[in-house]
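The values are calculated or read from the model by the stated rules, or taken from the named source; none is laboratory data. What you are looking at is a predicted structure, and each value in this text was computed from that prediction instead of being measured. In this analysis, Cβ positions are derived from the backbone assuming ideal geometry, glycine residues included, and neighbour counts consider all displayed protein chains.
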Amino acid sequence: MSSESDTLALLRARSAGDESVLDALFSRMYAELREIARRRLESFRPGDTLNTTALVNEAYLKLVDQGRAEPQDRTHFLSLASRAMRFILVDHARNRSAAKRGGGARPVSLDDIQLAGDERADDLLQLDDALNALAEADERLAQVVELRFFGGLSHEEIALATGRSVPTVKRDWTRARAWLLRTMNESP
Amino acid sequence: MIDPGRFRQVDDLFDGALQLPEEEREAFLREACRGDEVLLDEVRSLLASVTSSESRLGENVAEFAAPLISSFTGPGEHDEPPLPPGEMLGAWRIVREVGRGGMGEVYLAERADDAFHLQAAVKVVKRGMDTAEVLRRFHAERRILASLDHPNIARVLDGGATADGRPYLVLEYVEGEPIHRWCDARLLELRKRVTLFRKVCEAVDQAHRRLIVHRDVKPSNVLVGEDGEPKLLDFGIAKLLEGDGEATITGARLLTPLYAAPEQEAGLPVTTATDVYSLGRLLQLLLSGVNPGRPAEDPGAIAAARGTTPEGLRRQLRGDLDTILLRAMAADPERRYASALQLSEDLGRWMEGRPVLARPDSLGYRAGKFVRRNRGAVTAGLLSVLLVLTSVVALAMAQRRTAEALGQAERERDAAEEVVEILQGIFRAGDPMTTRPERLDTLRARDLLDRSALRLQGDLADRPDLRARLARTLGDTYRGMGLLEPADSLLREAVELHRTLGDPLGLSRALNSLSGIELQRGGGAEAVALLREAVALPTGDPHHLLRVRSNLASALQRSGEFQEAAQLYEAVEAEILAAPVPDSTLLSSVLGARGALAHQNGDFAASGVLLERALELDRGRLGADHWRVGLAHVNLAFARQRDGLLDEADARYREGVAILTDALGTDHNLRLNALGAWANVRSQRGLLEEADVLYREAIQGIRRAEGPSPGLAIELSNYGRLLEKMGDPTGAESALREGLEIQLGVFGPNHPNSGVARQMLARFLCRQDRREEGVQEFTEALAVLERAFPPDHFRVTEAREGLEGCGGEAGAG
């Protein structure tokens, strides 16, 4: 079984309700996304930014056999990949934040990229906490955030993935974002 | 944090409110919360964070946490291990690693053989760059860079290759902060920022003269040291590092260098113009705090770091600075400044208040500059401003109704209405009152409208209800675009259809809209008749009725029925303030109109108080750059002008016109009317040439949009006075007579507007020593004014004194 069709089978098992495949599928995506991001970033110059949407799409092309994939496969994939993207970035932010706290005095900056990165790390961790809190209150809104914010999915793609109308998705996104910011502002 | 028990209730209300037009949310929530203030506050605070969450969080994590994501390749993740302290690179000893980015590592190093411990920064490039070709270029370019000797450019001191073959550069060690942070930390105001930035431009220009392009100008490459001098880092380094590596990247381009010029992103040749673009971006960051790739910061904080308020900052940025930025950052390299020096010189012009190159020299623009430099020169002269004031305020009322009618139509929901809604969505894009000008493509909207109006004739013949609503919506939209002809015929059709259908609310709305057109054309009496019919209809909508009554007051005012207008306005204001949720939109219009009435009665102080209240109300609820705030400035300027406060009036006109131009575009009738009024103040201050330019623009625009309307008549009469002062009696007389003819045609001989226009002609004739004609016109004007105003009204006094001065006999008043 090739890795493409393997992923496809896992995806379909997962969407058919078999939760046990989640771990296998998720760790595969996590590893693949991370690898793609790493390769992309190698050719980065300071100040460049990473297009997470492109990463997620590239992972899809790589992991899923296009000849056999159906539209809903892609949707399921994007949903899971969005979550994987979130985990990757939050892990990264956590590492950086910890490194900063444990690292003592900051060096003189000749290239402020790293310092700026540290600043945003804490913001992202706060956002992640707020998103967890939101998920407890309303799983659906949190899902929209994952798909939109981390996966870079369009409103139309989210509508397709969640079976809701585009206007509803847009409103969900607006509301979720307001909740998040408010929760972030409230946290110490 | 989020209380899951309460979440559902709060979020449902939040969702419900979001589906309503903004002005209805408060009422909806009050109703739904039934006195639960905590709940109400919670939903309100969520609504309030909708906008800030949009700017703070953005659409994607890549926007939100760009620097974090680009640091993904942090130490220890996959890169080479750092060079250990003490490692020697040529004559340089590594002290420690101080940074790591996408292109490699940066070390602090010191010269081993130097007693002074000269420090330097050593940049070691990543593996993968070390091909023979790259190394060859690297050494060639390094020699060129070493020849760059400028106090604001960090020097390249040395270079070589590490033991494992990776190239490195030794650069002058600069201790400092990125320029934008340095400025922010010191709360530097704009002029000081510009001064600092000009040094950067001049350094870049020096390098350009040696044909060295920086290629990567961005804040982290411009450090400011303790001595306050900026230093450019990494000159030309980007090119050194641009090996074959890039050519091997396949697939979609994922790099988005935030300060890169469009041609750079497109992979086209990089020239000195590329640096000019990046300098523009840097300037934008320094001035406005806009940092590409990062979420917008709080405007209050940005402004505070520049020693001003958000409004003050906007005002400073508007105009020349904005134009300079746009020129520097033009997408087409040909349209940018030809050199970094030219950019710097234009900024120098801005600092001295001279005309900048970044704009073709239109007369109006030069005039504006001239005025600023010659602020002291003021000569007094009295001109009629009464008429202008009336027309602008009334137009404001008419315009407001456009947006309102659309809002109301939107609220009517039934199955058939969906068609209307879809169309409205399209049309609203064409209404400048609800659309920002950058999104407005008037021509396209106009095409859509015209096509839909045609379809209305055919498709909906058997659906009079739908047809009535569509006709009204289309009519309002045409009116919002200032196209009165098609608006008129559609709204008349809507009136007839609603009347036949027996729909009082629809009829009232259509009458209301139609009256707006009549007012715009000067048909005050017709508007009054239409609105009296509307007021009497049993619509069952008290909110709507209040607005129609306010419009009736406005129409009465326009017809010269000042007494009844004043009473009606006061009644409406009292009712608004008594409502549980005061309609602040309507309140601001009523305040404005009452201000205009006070003005007409010669009570300029009271007028100023009312208009200032209106301005504050609008600024608070709409933000400083809303068109209505622009209009409020203009209205207040009238009052100040009449009070003799010409400096304040001029400044307020400038502010008001700037806001109106930004918000509504150059051809909107509100702006054109404001231009005419501004011209008036300038003429009063003796700035004749400048006034001439403004008048011409106003008259041309109004004539094109409205034909022979009262607004045009006012500008013509006032322009006549100016032409006379400029020594052109022939032109003056023909303008004054045309103005009077229009007033007579619109209002008839007994309206005060006609009286004032005639009086202006009379004064001219007397000054030209054509006393017989002058006395005749004065006598006629005085008779009209005495009927319209109380005997001690300034208009009457003026006319009487004028008549006597001309050698005529004033009656006993």
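When residue B:667 is tested against (1) within 20 Å of residue B:716 (Cα to Cα); (2) crowded, with 23+ Cβ neighbours inside 10 Å, just one condition goes unmet, and that condition is (2).
For residue B:238, state whether it is modelled with pLDDT of 90 or more, part of a helix (DSSP H, G or I) and within 25 Å of residue B:337 (Cα to Cα). For residue B:238, the condition - modelled with pLDDT of 90 or more, part of a helix (DSSP H, G or I) and within 25 Å of residue B:337 (Cα to Cα) - is not met. Note on the stretch B:321-350: residues that are out of contact with any Cys (no Cβ under 8 Å at 6 or more places or on another chain), hydrophobic (A, V, I, L, M, F, W, C) and surrounded by 17 or more Cβ atoms within 10 Å (Cβ to Cβ) total 7.
Any residue in the stretch B:431-452 that is at pLDDT 75 or above, among the aliphatic types (A, V, I, L, M) and in a helix (DSSP H, G or I)?
So far as the stretch B:431-452 goes, no, none of its residues is at pLDDT 75 or above, among the aliphatic types (A, V, I, L, M) and in a helix (DSSP H, G or I).
For the stretch A:149-188, the set of residues classified as modelled with pLDDT of 90 or more and touching an Asp or Glu at 6+ places or on another chain (Cβ under 7 Å) consists of A:171, A:175, A:177, listed by residue number. Residue A:164 meets each of the listed conditions (1) charged (D, E, K, R); (2) part of a helix (DSSP H, G or I); (3) free of Cβ contacts under 8 Å to residues at least 12 places away in the same chain; (4) over 20 Å from residue B:42 (Cα atoms) apart from (2). Residues of the stretch A:149-161 that are in contact (Cβ under 8 Å) with a residue 40 or more places away in the chain and more than 7 Å from chain B (Cβ to nearest Cβ): A:151, A:153, A:157, A:160, A:161. Just one of the numbered conditions (1) at pLDDT 85 or above; (2) buried (at least 17 other Cβ atoms within 10 Å of the Cβ) is not true of residue B:627: (1). Within this structure, residue A:142 passes the test of being modelled with pLDDT of 90 or more and either more than 10 Å from chain B (Cβ to nearest Cβ) or in contact with a strand residue (DSSP E or B) (Cβ under 7 Å, 6 or more places away or on another chain) (or both). Residues that are hydroxyl-bearing (Ser, Thr, Tyr) and more than 7 Å from chain A (Cβ to nearest Cβ) were ranked within the stretch B:28-69; the one that is farthest from residue B:583 (Cα to Cα) is B:55. Within the stretch A:168-177, the only residue that satisfies the criterion of being more than 9 Å from chain B (Cβ to nearest Cβ) and farther than 18 Å from residue A:150 by Cβ is A:168. In this structure, does residue B:808 turn out to be outside any helix (DSSP H, G or I) and buried (at least 17 other Cβ atoms within 10 Å of the Cβ)? Yes, satisfied. The single residue among B:637, B:651, B:658, B:679 that is farther than 21 Å from residue B:521 by Cβ, modelled with pLDDT of 85 or more, in a helix (DSSP H, G or I) and more than 20 Å from the chain's Cα centre (by Cα) turns out to be B:679. Identification of strands (runs of 3 or more DSSP E) wholly contained in the stretch B:155-232 with 2 or more residues that are over 27 Å from residue B:342 (Cα atoms) and over 33 Å from the mean Cα position of the chain (by Cα) yields B:156-161, B:167-172. With the requirement that a residue be farther than 20 Å from residue B:710 by Cα and assigned to a helix (DSSP H, G or I), what does the stretch B:661-676 give you? Result: B:661, B:662, B:663, B:664. Within the stretch B:1-46, the set of residues being under 21 Å from residue A:132 (Cα atoms) and either touching a Phe, Trp or Tyr at 6+ places or on another chain (Cβ under 7 Å) or among the β-branched types (Val, Ile, Thr) (or both) comprises B:2, B:10, B:43, B:46.
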